[in-house]
Amino acid sequence: MLNNLYPSVLYLEDGTSFKGWSLFRLLVNSGEIVFNTGMTGYQEIFTDPSYAGQMVVFTYPELGNTGLNHQDSESKIIYIKALIAKNISSISSNWRSTISLRDFLISKRLPHIFGIDTRSLTAHIRSRGVMNAVILHQDPHFNLVNFKFNDLNKINLVNKVTTKNAYYIYQSFKDKVFDCYLTFKLENRKNLSKINRVVIIDFGIKLNILRKLFSWNCKIFVLPAYSDYVTILSYKPDSVLLSNGPGNPAFAKYSIYTVKSLIYFSNIPIFGICMGHQILNLAMGAKTFKLKFGHRGLNHPAGKLKYSEITSQNHGFAVSKDSLLHSDFSSSFKCNLSNLNDMTVATTLHKNLPVFSVQYHPEASPGPHDSNYLFEVFMKLTDFMKVHS
């Protein structure tokens, strides 16, 4: 067991620096620095494709108390560029834990820094906005001025995380893509729909979305983000789900065009989640913009008037409410719920077509199940369209 601590430093693009420690000697690692306010869920965050290219600051001060296990990963790949924490627990205490966070970081060589004031760092990001950052072993010769950062706003990250080949899932089995057992529990059988064929357009799919569809007894076909209209329809879908994913949605131009065709010509129910929500709205004629510091956490309220859901969110871009209201489709497409922290668009709904989307993650479990009903709505809408189309 390694007991050494290595002096490390975090440099923000604006010149601000924070000194800390790492569990092994760091190389130079850079990415976009963001913060997450959740008290739990670090394993899901590590493996969520929506965090591709990002260094994550955890505002909760003690990380690693429950270790890591074989069930909670959202994919088999670690997508975050680095972990930034106040304190990392060297031991774990949970009946499902198979490895401590400390040992996980060392074994996976996951870049990290701890022992810094994450409250001050988070306040700085909230004030100045998200920016690039770099962490490395303390080096007096490092020159931040000459360091070249990659601009994630100009990279099509969806193409980097989407599946390269289509795959099919039905009933419980050992999944070759995620390299784990996809266990699931059927919902109340009285409410189960008939078996539906659901095509998922993979912009960075989370495993828990598959579990939710499993619970409704679906046959699932996961297709690459660049799949065209004809290819999607060749799977004879009863409905289409647009998954979450990383980066700037405006760069997924081909997917936007394909989704637009699906909306207007397929008459198939479409459900968009996070990145899928943004792409669906871009296809409808709305615009998106980058938030100052994004929404990342487990307790974001989404609602209207006296109604609110507690939601899990993870995104740096949002749909422009002004563009939605003033687009040619404003008479048929509406914002149903708003993020109650900043009143940005949280959900959209087509008044005439079976199309809806949410900016948050109903497959996650904040609240703990405030937005679970959306999958039931999706399945009932699918059943209805099968009968009446």
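The figures follow:
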item: Residues being closer than 22 Å to residue 10 by Cα and surrounded by fewer than 24 Cβ atoms within 10 Å (Cβ to Cβ) - total across segment 44-55; result: 3
item: Restricting segment 101-131 to residues that are in contact with a helix residue (DSSP H, G or I) (Cβ under 8 Å, 6 or more places away or on another chain) and within 26 Å of residue 73 (Cα to Cα), the residue that is surrounded by the fewest Cβ atoms within 10 Å (Cβ to Cβ); result: 110
item: Those residues of segment 343-363 which are touching a strand residue (DSSP E or B) at 6+ places or on another chain (Cβ under 8 Å), over 25 Å from residue 384 (Cβ atoms) and surrounded by fewer than 24 Cβ atoms within 10 Å (Cβ to Cβ), in sequence order; result: 344
item: Residue 50, sole failed condition from (1) at pLDDT 95 or above; (2) of a type in the set (S, T, N, Q); (3) over 25 Å from residue 204 (Cα atoms); result: (3)
item: Qualifying positions in segment 66-79 - closer than 18 Å to residue 247 by Cα and out of contact with any Pro (no Cβ under 9 Å at 6 or more places or on another chain); result: 78
item: Residue selected from segment 331-389 under the condition small (Gly, Ala, Ser) and in a strand (DSSP E or B), by the criterion nearest to the chain's Cα centre (by Cα); result: 357
item: The one condition in (1) farther than 24 Å from residue 37 by Cβ; (2) at pLDDT below 95; (3) buried (at least 23 other Cβ atoms within 10 Å of the Cβ) that residue 378 fails to fulfil; result: (2)
item: Count of segment 81-111 residues which are of a type in the set (Val, Ile, Thr) and touching a Pro at 6+ places or on another chain (Cβ under 9 Å); result: 0
item: Residues of segment 46-62 classified as of a type in the set (A, V, I, L, M, F, W, C), outside any loop (DSSP other than H, G, I, E, B) and in contact with a Phe, Trp or Tyr (Cβ under 6 Å, 6 or more places away or on another chain), total; result: 1
item: Cβ-Cβ under 7 Å pairs, at least 6 apart or on other chains, segment 236-256 side more than 20 Å from residue 209 (Cβ to Cβ), far side of a type in the set (Val, Ile, Thr) and not in a loop (DSSP other than H, G, I, E, B); result: 250/288; 256/279
item: Listing of helices (runs of 4 or more DSSP H) fully contained in segment 82-183 that carry 2 or more residues being at pLDDT 90 or above and more than 20 Å from the chain's Cα centre (by Cα); result: 101-108, 118-128
item: Hits in segment 265-277 (condition: touching a residue at least 40 places away in the same chain (Cβ under 8 Å) and under 13 Å from residue 354 (Cα atoms)); result: 267, 268, 269, 270, 271, 272
item: Qualifying residues in segment 304-320 (those that are of a type outside the set (S, T, N, Q) and surrounded by 15 or more Cβ atoms within 10 Å (Cβ to Cβ)) - the one nearest to residue 48 (Cα to Cα); result: 315
item: Test: residue in segment 344-364 that is among the small types (Gly, Ala, Ser), at pLDDT below 95 and touching a Ser or Thr at 6+ places or on another chain (Cβ under 9 Å); result: yes
item: Any hit, segment 282-303, residues being in contact (Cβ under 8 Å) with a residue 60 or more places away in the chain, crowded, with 20+ Cβ neighbours inside 10 Å, touching a Lys or Arg at 6+ places or on another chain (Cβ under 9 Å) and assigned to a strand (DSSP E or B); result: no
item: Residues (touching a Lys or Arg at 6+ places or on another chain (Cβ under 8 Å) and either among the aromatic types (Phe, Trp, Tyr) or surrounded by fewer than 21 Cβ atoms within 10 Å (Cβ to Cβ) (or both)) located in segment 223-238; result: 224, 235, 236
item: Residue check for residue 286: under 30 Å from residue 39 (Cα atoms) and touching a Ser or Thr at 6+ places or on another chain (Cβ under 6 Å); result: no
item: Test for residue 315: is it in contact with a Cys (Cβ under 7 Å, 6 or more places away or on another chain) and in a strand (DSSP E or B); result: yes
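The values are calculated or read from the model by the stated rules, or taken from the named source; none is laboratory data. What you see is a predicted model; the values in this text were computed from it and never measured. A quick note on method: Cβ atoms are made from the backbone with ideal geometry, for glycine too, and the neighbour counts reach across all protein chains shown.
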